[in-house]
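Visitor: Before we start, here is the structure in question, set down as structure tokens.
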Amino acid sequence: MKKLLTFMFSAAVAVLLMSGCSGDIQATLNSKTLVDGVYRAEYSECDEYGWKDYVEITVSEGEISEVVFDGENADKTKLKSEDLSYENQMKQYRGTYPAKYNKDLINQFIETGKIDGVDVVAGATESTDRFKTLVIAAMGNAIDGDTETVIIEN
């Protein structure tokens with residue numbers, strides 16, 4: 001039940017954020033202070049390429065101090081950003097790769113402090129959308145200090 005409520009809250013926040021709200025993420029999320037901790041959101045299943053994307057946001061002294069965006073394979077033995085075969089394939093067909101676009105997305109979010117300040121990375125449109133969805137879910141938990149992982153249905 002708690003996961004359902006968290007998902008519903010995250011969805012409501014997503015609607016607010018994607019409807020053109022401006023200002024930094026903390027102000028947008030009801031002007032509440034973020035609670036120190038590590039907040040994780042992940043997809044429920046692997047995508048068609050075998051990766052389950054996740055975001056981890058670390059909050060220290062009420063501020064975002066670290067953001068991690070990556071994907072794990074089904075048995076959690078590999079990270080998408082470290083898979084050289086996947087990187088080479090993406091570079092060839094998309095002109096980018098996970099280690100590069102992950103940094104781009106994270107840097108945009110940290111620099112602007114806004115989820116709507118994150119522009120689509122060319123060649124990684126779907127990953128950009130997934131990043132935004134995961135950040136919104138994790139930030140919803142950061143308001144309440146709920147460190148339970150938020151699971152987003154694919």
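Values in this text are rule-based calculations from the coordinates and carry no lab data. Bear in mind the structure is a predicted one, so any value in this text is a computation, not a measurement. All Cβ positions, glycine included, derive from the backbone under ideal geometry; neighbour counts span all protein chains shown.
Visitor: Tabulate in residue order the Karplus-calculated ³J(HN,Hα) for the range 141-154, using 6.51 cos²θ - 1.76 cosθ + 1.60 with θ = phi - 60°, rounded to whole Hz; enter x for Gly and Pro.
Guide: So the Karplus estimates, Gly and Pro as x, are 6, 5, 5, 8, x, 8, 8, 5, 4, 8, 9, 9, 5, 5 Hz.
Visitor: Net charge around Lys132, counting only other residues with Cβ within less than 14 Å of its Cβ (Lys, Arg = +1; Asp, Glu = -1)?
Guide: -4
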